[in-house]
Amino acid sequence: MKDRKSGLLLRFLLSIAGGILFIFAFPPFNIWGFAFFSFIPLLIAGKENDSKNFLFGLIAGFVFYSASFSWLYRLAGPIYLLLALYLSFYWGLFLYLVFAIHKRGRIFIAGFVWFLMEIIITHLLTGFPWLLAGLSQWNNPYLLKTASFTGIYGLSFLVIIGNFTLFYSFRKQQVVSWCISIVLFAILVFSPLFTPFKNNYEECLNVLIVQPNIDSTESHSPSKNIEKVKTLTTESIKEGYVDIVIWPEGIYPDIITPDIIDDLKNFARQFNVGLIFGTFTGDDKKIYNSAVIIENERVQVYNKTHLVPYGEFVPCGKCRIIRDLFEKIAGYTPYVERGKKIVPLYFKDKKLGILICFENIFPEIVQSFVEKEVDMFIVITNDSWFGNSSGPYQHFAHNSIRAVESGRYFVQSSLTGISGIVSPDGTVNIVKRYGKHLFVEGIMLYNVPLIKGKTYYSMVGDLPLFILSVIFIGAILCRKT
């Protein structure tokens with residue numbers, strides 16, 4: 001009995017260790033190598049055909065998500081732990097399933113099971129694919145470019161089979177899978193050398209990114225926000241030729257009026273530039289989080305299609321108990337409407353894919369824009385509510401994955417947070433002042449190439465990996481039967 005309790009305690013501690021180690025693979029720590037062995041303590045805790053595997057997987061996931069999402073506490077209080085618990089469920093299910101299946105082929109079975117679970121996480125209950133395992137490789141100079149073939153889910157697949165490959169190193173039952181996984185890693189690591197990124201473009205846009213350093217958690221007059229960002233823009237625009245100026249989400253944190261639009265038209269006309277900015281549109285009955293682009297007299301609007309849980313809507317908010325509890329803790333109830341269509345906006349006949357806030361974490365939204373042949377992506381965001389935390393770094397890292405997946409430049413302007421540019425090969429340029437990224441004013445003028453064509457991932461998406469997953473898992477299950 002004593003040995004049994006000691007064994008359970010050891011498995012409990014190993015689960016916690018696995019969750020903690022995985023944290024360091026992601027921003028702001030960015031030690032991407034940790035991702036390839038962080039699961040090993042959890043795998044040691046796993047036992048063959050043991051229902052307790054679910055519990056230990058759940059514990060590891062909860063440790064990882066509750067710590068990594070700690071920035072959500074500022075917004076939702078302790079309720080954010082429900083999100084951490086929900087996502088941890090998949091870790092528990094994962095550990096249970098992989099140890100319930102025959103050992104033969106387990107290295108690849110694990111990768112395919114994890115892939116299918118991340119697909120579910122991305123789409124079920126509005127989806128929240130923040131910190132997918134593949135994001136840990138956003139700054140990996142060897143594997144990142146693989147995303148142009150496999151997408152983020154392919155990177156996640158590699159992370160998981162990497163852990164299992166190390167765990168089962170030189171074990172007789174896994175020798176075939178082990179050898180195949182080693183060869184697969186070698187091919188994917190060196191494939192960019194034989195398929196280098198081709199920066200094919202004929203035209204560019206001179207883009208001025210403005211980060212005004214406005215904290216939306218403090219009380220600011222919308223008109224004062226506009227005056228501040230105007231002043232910062234005016235001082236900067238004289239430094240070089242500019243085609244379009246990008247202001248962040250929430251720069252006018254109220255429903256925009258015709259008078260304000262006219263004033264901004266005049267401002268843009270004064271410098272002969274286009275202007276993109278974030279605001280609210282609609283009326284008292286329906287309010288949208290919107291991106292507005294002004295080009296001479298033409299005004300276009302894109303309404304955010306994927307809303308932030310807790311920030312713009314309350315999950316299960318139709319339940320009065322949940323809604324009232326959230327309002328009691330957070331002090332407000334969000335009521336933003338969801339945009340209905342993913343449509344590009346136009347500037348000088350160029351198609352721009354506009355992403356508001358965390359829309360850049362969803363591969364399918366970016367994929368929809370690429371299918372509409374956008375020339376570049378612009379992310380406008382208000383990351384001030386993250387505070388001085390890991391949140392802004394985690395958010396920006398998604399741009400690196402999306403840029404490589406889509407073969408397009410990603411430009412981000414933040415109210416405060418991280419602003420910068422990511423090229424299609426993953427090269428990052430970030431606005432910095434006094435050695436800091438957060439809570440500083442800053443600008444960046446960049447000549448952004450408008451790239452045509454599609455990556456392999458843009459053409460086929462996740463279908464090949466999905467088909468392989470179904471075939472491989474089906475074959476293992478049939479053989480077991």
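When VAL210 is tested against (1) among the β-branched types (Val, Ile, Thr); (2) modelled with pLDDT under 95; (3) within 25 Å of the chain's Cα centre (by Cα), exactly one condition is not met: (2). For PHE112, the criteria (1) assigned to a helix (DSSP H, G or I); (2) under 30 Å from GLU312 (Cβ atoms); (3) of a type in the set (Phe, Trp, Tyr) hold in every case but one, which is (2). Keeping to the range 342-359, report how many residues are under 21 Å from LEU205 (Cα atoms) and either over 13 Å from the mean Cα position of the chain (by Cα) or among the polar types (S, T, N, Q) (or both). Residues that pass the stated criteria total 12. For the range 26-38, the count of residues that are assigned to a helix (DSSP H, G or I), of a type in the set (Gly, Ala, Ser), in the same structural domain as LEU158 (by TED's automatic domain parsing) and surrounded by 19 or more Cβ atoms within 10 Å (Cβ to Cβ) is at least one.
Does ILE119 qualify as being among the hydrophobic types (A, V, I, L, M, F, W, C) and either assigned to a loop (DSSP other than H, G, I, E, B) or under 18 Å from the mean Cα position of the chain (by Cα) (or both)? So ILE119 fits the description; yes. Of all residues assigned to the range 387-403, none qualifies as being surrounded by 21 or more Cβ atoms within 10 Å (Cβ to Cβ) and over 14 Å from the mean Cα position of the chain (by Cα).
Somewhere in the range 134-152, is a residue assigned to a helix (DSSP H, G or I) and either of a type in the set (Asp, Glu) or under 16 Å from PHE472 (Cβ atoms) (or both)? The answer is yes; a qualifying residue exists.
Within the range 281-298, residues that are of a type in the set (A, V, I, L, M) sit with their Cβ atoms under 6 Å from residues that are assigned to a loop (DSSP other than H, G, I, E, B), at 6+ positions apart or across chains, in these pairs: ILE287/VAL336. Among strands (runs of 3 or more DSSP E) entirely within the range 217-324, having at least 3 residues that are under 28 Å from the mean Cα position of the chain (by Cα) and under 25 Å from LYS350 (Cα atoms) singles out 244-246, 274-282, 287-295, 298-303.
Residues in the range 39-76 that are part of a helix (DSSP H, G or I) and of a type in the set (Lys, Arg): LYS52, ARG74. Considering ILE365, ILE380, ILE354, the condition of being in contact with an Asp or Glu (Cβ under 8 Å, 6 or more places away or on another chain), in contact (Cβ under 8 Å) with a residue 24 or more places away in the chain, β-branched (Val, Ile, Thr) and in a strand (DSSP E or B) is satisfied by ILE380 alone.
The values are calculated or read from the model by the stated rules, or taken from the named source; none is laboratory data. The structure presented is a predicted model; accordingly, all values stated were derived computationally and were not measured. Every residue, glycine as well, gets a Cβ built from its backbone with ideal geometry; the counts of neighbours run over all protein chains shown.
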